[in-house]
Structure formats: structure tokens, C-alpha cells
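Colleague: My structure is below; once you've seen it, I'll send some questions.
Only the coordinates and a few stated rules stand behind these numbers; no lab work does. None of the values given here were measured: they were computed from a predicted structure. Quick reminder, even Gly has a Cβ in these numbers, built from the backbone with ideal geometry, and neighbours come from all protein chains shown.
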Amino acid sequence: MGQTNLAKRNQSGRHITFKTIKLANSEIYQGQLVLINPENPIRQALSPGSLMPLSSIPAIHTLRDGMLLERTCLRQLAELLEASQGINDIVAVSGYRTKQEQEHIYASTLAERGAEYTACYVALPDRSEHQSGLAIDVGKLSKDVDYIAPAFPDTETYKAFKQLAASFGFIQRYKEGKEAITQISCEPWHFRYVGYPHADIMERNDWCLEEYIDALKSYTHDNDHLLFEDDRSFVEVYYVAAEAGASTTIPLVLCDRYILSGNNKDGFIVTAYWDKSRRAHV
Ligand SMILES: [Zn+2]
């Protein structure tokens with residue numbers, strides 16, 4: 001098991017900027033850590049090239065034909081289903097949605113189930129994570145699967161799926177106790193891909209995505225970074241505020257690989273990885 005070191009280490013001035021990357025400020029609205037909620041709507045349509053059909057992995061059961069997910073999200077979902085031995089018991093209920101599909105779901109749920117129910121479980125168009133391709137609703141495979149609120153029990157393979165989700169980069173996005181922050185009722189079926197090790201860090205600290213994005217803002221490049229270590233890697237996470245104008249210069253620390261993501265608010269999050277396996281073979 002890994003260890004999250006949230007204690008701020010006194011390392012100011014120790015970061016060596018390996019190189020810098022210039023990003024257009026429009027990139028704030030893209031990436032695996034985008035926060036999508038009523039205050040932070042989707043501002044850019046997803047490029048179709050980043051999506052992949054679930055049918056490319058035939059072992060996955062899907063409620064409907066033609067379902068799509070963001071590529072990395074789909075790959076990790078397939079691995080999570082395999083690791084939790086849930087591939088024969090779990091059905092993918094809803095993945096990527098276009099804005100038009102979200103509009104339709106919102107309007108039909110409102111008509112069929114009323115305003116109170118809809119406010120609890122269905123996001124307004126452009127406020128749904130499903131439009132990012134990074135969210136997947138999963139359900140217990142059965143004859144009658146509720147499309148809006150599928151059953152996802154807390155037993156057997158479903159429990160294993162939940163317990164292993166973070167190590168594959170997924171969080172249960174809408175948890176009990178966080179409703180005042182997320183503004184969505186508890187949804188045991190809705191998983192959001194945020195990537196490794198972010199899901200793990202959030203899980204250990206009991207942070208929902210709103211809280212994590214907020215917490216990250218105190219880990220800036222020239223101050224302390226959020227540090228994470230497990231058997232695989234040593235990871236540094238830090239926030240870079242968007243600069244005024246059209247672009248932002250992102251300072252990168254020395255690392256084996258990195259992932260940049262916008263937060264869909266006001267800046268970028270750098271995740272820098274040192275792979276331990278590479279070190280072991282040197
Ligand atoms: Zn959902």
C-alpha cells in the first residue's frame with residue numbers, strides 16, 4: 001500500500017525546473033481533472049477523436065449499442081472490471097453523452113419523475129460529467145436496469161469494484177455526506193475517471209472532487225508540492241494558476257513522465273511521475 005504525504009515539507013526553492021511548456025489558456029477546460037458542476041460548466045465540446053466505442057472491448061456488457069468513453073477512461077474501466085471480476089455481473093449503463101442527449105435526458109426525467117427527483121440525480125446540460133467522456137454509470141446486470149439510477153449493490157463483485165476503483169483512477173463522484181458540496185444526491189453507480197494517483201489521494205483524505213481541486217491550489221510550483229509514493233512511483237502534484245492573456249507558462253520538474261490537466265476553473269494541475277521500476281533496472 002502506498003502512503004500519501006500531505007505534510008508540507010520544507011523544500012521551498014528546491015524544485016528544479018527542468019523545462020517549461022506553454023499552454024493556451026483554453027486548455028484549462030480539458031484534461032482528466034476537470035471539475036464539472038453547476039458553477040463550472042463545460043465550455044468546450046470534446047474532440048471526437050478522444051472517444052472510443054465500448055464495443056472495442058467486447059467483454060464489457062453495455063445497456064445500449066454505440067456507447068462511447070474517453071480512451072484512457074475506457075481502458076482503465078476494462079482493467080477495473082477484470083481486476084474486480086465484475087465483467088459478467090456489471091453492465092455499463094451510460095457513458096459519454098452529447099449536449100443534446102443530456103438535454104433530452106433532463107427534459108424526459110423532469111416530465112416522467114418530477115422536479116425534485118431530477119434536481120437530485122440529473123445534471124443540467126453542460127453541467128454533466130457525462131459530456132466529458134470521463135464518467136461512467138455502472139449497474140447490476142439484470143433484465144430491468146434503471147437508466148437514471150441503476151442498482152449498484154454493496155456486495156460481492158460490486159463491492160470489489162468499488163474498493164479497487166481508486167487504484168485504477170476512478171472515484172465514486174457523488175458520495176453520501178458530500179451532497180451540500182456536490183449538489184447531487186449520493187449516486188453509488190456514477191464513477192468518474194480522474195487518474196492515478198488522484199483517485200487514491202482523494203479516497204484517503206475523504207475529499208470529493210470540489211474539495212480536492214480546492215486543496216491543490218495551495219500546492220503551487222514554487223511552494224510545496226503534494227507528494228505521493230507507492231510501490232510503483234513517486235509522484236509530485238502541483239497547481240499552476242492561469243496567467244492573464246492567451247497562454248500560461250507551465251514549469252515542469254524533472255520526472256520520467258507527466259500529465260497536464262486543466263481544472264476547468266482557473267488553472268492547471270501538473271502530475272509528475274518518477275517510475276521506481278526504471279530506477280531499479282538502472
Ligand atoms: Zn452518471
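Colleague: Please find the FRET efficiency linking I16 to E39, where r is the Cβ-Cβ separation and R0 is fixed at 30 Å, and quote it to the nearest 0.05.
Modeller: 0.25
Colleague: What share of the DSSP beta bridges in the chain is antiparallel, in percent to the nearest 5?
Modeller: 95
Colleague: Now for a different question. Evaluate the distance, in nm, between pseudo-label points positioned 7 Å from the Cα of K265 and of E112 along their respective Cα→Cβ axes.
Modeller: About 3.5 nm, to one decimal.
Colleague: Can you grab the distance from the C-alpha centre of the stretch 127-153 to the C-alpha centre of the stretch 202-247, Å, no decimals?
Modeller: The stretch 127-153 and the stretch 202-247 have Cα centres separated by 29 Å.
Colleague: Under a crude label model (7 Å from the Cα following the beta-carbon direction), how far is D222 from A180 in nanometres?
Modeller: 3.7
Colleague: Between their Cα atoms, which of K99/K159; K143/K175; K22/K217; K159/K276; K178/K217 are more than 24 Å away from each other?
Modeller: K99/K159; K143/K175; K159/K276
Colleague: Moving on. In the chain, which helices (entire DSSP H runs) extend 15 Å or more along their own long axis, judged by Cα positions, while averaging at least -0.5 on the Kyte-Doolittle scale?
Modeller: Flagged H segments are 71-83.
Colleague: Which of I42, I250, I21 moves most in a GNM of the chain, Cα contacts under 10 Å?
Modeller: Of I42, I250, I21, the most mobile in the Gaussian network model is I21.
Colleague: Viscosity 0.692 mPa s, temperature 37 °C: give me the Stokes-Einstein translational D for the stretch 43-193 in µm²/s, with Rh taken as the Kirkwood radius over C-alpha pairs.
Modeller: 211
Colleague: What 222 nm value per residue comes from the helices of the chain, counting each DSSP H run with n ≥ 4 as -39,500 (n - 2.57) and dividing by all residues, nearest 500 deg cm²/dmol?
Modeller: When only DSSP H runs of four or more count, the value is -7000 deg cm²/dmol.
Colleague: What nm distance separates the two modelled labels at A24 and E103, each placed 7 Å from Cα along Cα→Cβ?
Modeller: Once both label points are built, they end up 2.5 nm from each other.
Colleague: Oh, and also: Antiparallel DSSP bridges in the stretch 43-193: what percent, to the nearest 5?
Modeller: Details: 13 of 15 bridges.
So the antiparallel bridges in the stretch 43-193 amount to around 85 percent.
Colleague: By how many nm would the segment from R71 to S247 grow when fully extended, if each residue of separation counts as 0.36 nm and the alpha-carbon distance is taken off?
Modeller: Stretched fully, the R71-S247 segment lengthens by 60.7 nm.
Colleague: Relative to the present Cα-Cα distance, how much length would full extension add between T155 and D231 at 0.36 nm per residue of separation? Spell out each step's value before the answer.
Modeller: Numbers: separation 76, 0.36 × 76 = 27.36 nm, distance 2.82 nm.
Contour length minus the Cα-Cα distance gives 24.5 nm.
Colleague: For every other residue with a beta carbon closer than 13 angstrom to the beta carbon of V240, add +1 if it is Lys or Arg and -1 if Asp or Glu, then tell me the sum.
Modeller: Around V240, the charge tally is -2.
Colleague: When DSSP beta bridges are limited to those with both residues in the stretch 163-282, what percentage is antiparallel, rounded to the nearest 5? Could the numbers behind the result be given before it?
Modeller: Details: 22 of 23 bridges.
In the stretch 163-282, approximately 95 percent of DSSP beta bridges are antiparallel ones.
Colleague: While we're here: Largest first and to the nearest Å, give the Cα extent of the chain along each principal axis.
Modeller: 58, 44, 36
Colleague: If neighbour count is taken as other Cβ atoms inside 10 Å, put V138, V93 in order from fewest to most. Could you put the intermediate results ahead of the total?
Modeller: Working: V138 28, V93 25.
Final ranking by Cβ density, sparse to dense: V93, V138.
Colleague: Still on this model: Compute a Gaussian network model of the chain, connecting alpha carbons closer than 10 Å, and tell me which residue from S261, S128, S108 fluctuates the most.
Modeller: S108
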